[in-house]
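The values are calculated or read from the model by the stated rules, or taken from the named source; none is laboratory data. Predicted model, so just to flag it, every value in this text is computed and none were measured. Glycine also receives a Cβ, built like all others from the backbone with ideal geometry; neighbour counts cover every protein chain displayed.
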Amino acid sequence: MLQIKYPSLLNLTNFIASDNYEASLSSTEITIEGLSKLANLLNKPLDSDNPIYSSSSYPSKVDLYLTIAAYCKRIILHPDLSQFNFTLKDIFRIWEIRLNFLLMSSGMADSKGIKPIPDAKYVRSEVEILIKEMEKIEGGGDLSSWDFRILLNRIRYGSGLQLLTFYFNEVFEARKELGEDGGKTARYKLRILLFGISSLLTARQQYLALFNQLEQVETDESRLQSELALLTALSGILLLYKDSNNVDREHNGYFDEIKEAYDKSLVDPYCHDTLVEILRTLTPVHNGQESKPLPLEEGFHFEGIDQVIELVRDLKITGRIICSLWGRFELDSKVASSAEGIMGIIHEEWRGHLNKMYGFE
């Protein structure tokens, strides 16, 4: 029995509390099918005799997110886990669902205007305990998905340099796997790690290190080439223009490389269209009272690199916008890897919360 074998892991004190949402489930039979029904409300509104499974019970998305997270907690702490025929691997899968929804909820106000999860740091205490418990279990790291381990460490470290060390260790391990399954899994990991490392350097405003790193990346995938070219150009523009309006293009050693990268990024319109979409929907400054998304008209296209430079100078393209762009490209890589079921729903939901994907907010 899992509760007997892992009492310190499956312990109520390991979880952050969300009393209101947990109380709403007190008389509900907890089942795996019920968790799927809840998550599917995000795909398709539904009325039900049971208010827990009725869309009208959730006036705001965060209410549904946190109810799903509370439902996961009830499954993990269920007094009779044997009825689910669960292994420890299944427990970690449910925990992965829970933490995704908790992180997604950070900074969101509920129907009463309250922010139950004020920021990503609030989730960190649960993650710290979980990582320590996983380390106690022989082979614990192999019982969870690789994506879950990435999520755990992003929440654990935020924008701290320890995350960079973790990423580089993962890069080393992924490169050793390049000879397996035709290198498909290793290439996927290396791509996600590239996005993660780059978003971290962006968040830390280490634009020179980021620019130099991106200049050295080689790939034969056309979509990735355009993604990296656009982000190379953006990081270079931030490097040159964030704190200066007067750049001598003719004598600056970086500008020609930035312009070349920008031109390469035009090969795939998806990349620029995605940037426009983010500029339209996301404020460039976190918690900036005067910061607003750009009211760009449908079908908007940049007229050239000078227009992008002006947006950087005007603080309309910022590190926050670029981190969200990294998040969108990473997310599209995951969706392309055909995530199914609840994880597929989670990946779709992240499209509306790109600024939170890396645990920086």
Checking E250 against (1) part of a helix (DSSP H, G or I); (2) at pLDDT below 95; (3) more than 30 Å from G160 (Cα to Cα); (4) not polar (S, T, N, Q), which test does it fail?
-> (1)
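With respect to Y65, is the statement that it is hydroxyl-bearing (S, T, Y) and out of contact with any Phe, Trp or Tyr (no Cβ under 6 Å at 6 or more places or on another chain) true?
Numbers: hydroxyl-bearing (S, T, Y): yes; out of contact with any Phe, Trp or Tyr (no Cβ under 6 Å at 6 or more places or on another chain): no.
Considered against the rule, which asks whether it is hydroxyl-bearing (S, T, Y) and out of contact with any Phe, Trp or Tyr (no Cβ under 6 Å at 6 or more places or on another chain), Y65 comes out as no.
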Filter the stretch 209-233 for residues that are part of a loop (DSSP other than H, G, I, E, B) and of a type in the set (V, I, T); which is nearest to Y270 (Cα to Cα)?
-> T219
For I75: the one exception among (1) closer than 24 Å to D119 by Cα; (2) modelled with pLDDT of 95 or more = (1)
Test: R328 is among the charged types (D, E, K, R), closer than 21 Å to L208 by Cβ and surrounded by 13 or more Cβ atoms within 10 Å (Cβ to Cβ) = no
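Scan the stretch 138-148 for residues that are assigned to a loop (DSSP other than H, G, I, E, B) and either small (G, A, S) or under 15 Å from R93 (Cβ atoms) (or both) and jot them down. Step through it out loud before you land on a result.
Initially, the stretch 138-148 is screened for residues assigned to a loop (DSSP other than H, G, I, E, B), giving 138-139, 144-145.
Selection gives G139, S144, S145.
Kindly establish whether D263 is outside any loop (DSSP other than H, G, I, E, B), farther than 19 Å from R191 by Cβ, modelled with pLDDT of 95 or more and within 23 Å of the chain's Cα centre (by Cα).
Judged against the criteria, D263 is not a match.
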Applying the selection to the stretch 288-339, what residues are in a helix (DSSP H, G or I), more than 15 Å from the chain's Cα centre (by Cα) and over 27 Å from E260 (Cβ atoms)?
-> A336
Selected residue (criterion: nearest to Q3 (Cα to Cα)) from residues of the stretch 87-146 that are modelled with pLDDT of 95 or more and of a type in the set (S, T, N, Q) = S125
Of E170, E126, E135, the only residue that is part of a helix (DSSP H, G or I), among the charged types (D, E, K, R) and farther than 30 Å from A70 by Cα is E170
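What's the total number of residues in the stretch 319-344 that are among the β-branched types (V, I, T) and modelled with pLDDT under 95? Walk me through how you get there before you give the answer.
We begin by selecting, within the stretch 319-344, every residue among the β-branched types (V, I, T); these are 321-322, 335, 342.
Remaining after also requiring modelled with pLDDT under 95: 335, 342.
Number of matching residues: 2.
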Among the numbered conditions (1) of a type in the set (D, E, K, R); (2) in contact (Cβ under 8 Å) with a residue 24 or more places away in the chain; (3) more than 23 Å from G140 (Cα to Cα), tell me where R93 comes up short.
-> (3)
Has the stretch 305-320 got at least one residue that is among the charged types (D, E, K, R) and either touching a His at 6+ places or on another chain (Cβ under 8 Å) or within 18 Å of Q206 (Cα to Cα) (or both)?
-> yes
Please enumerate the residues belonging to the stretch 109-123 that are within 27 Å of S198 (Cβ to Cβ), among the aliphatic types (A, V, I, L, M) and in a loop (DSSP other than H, G, I, E, B).
-> I117, A120
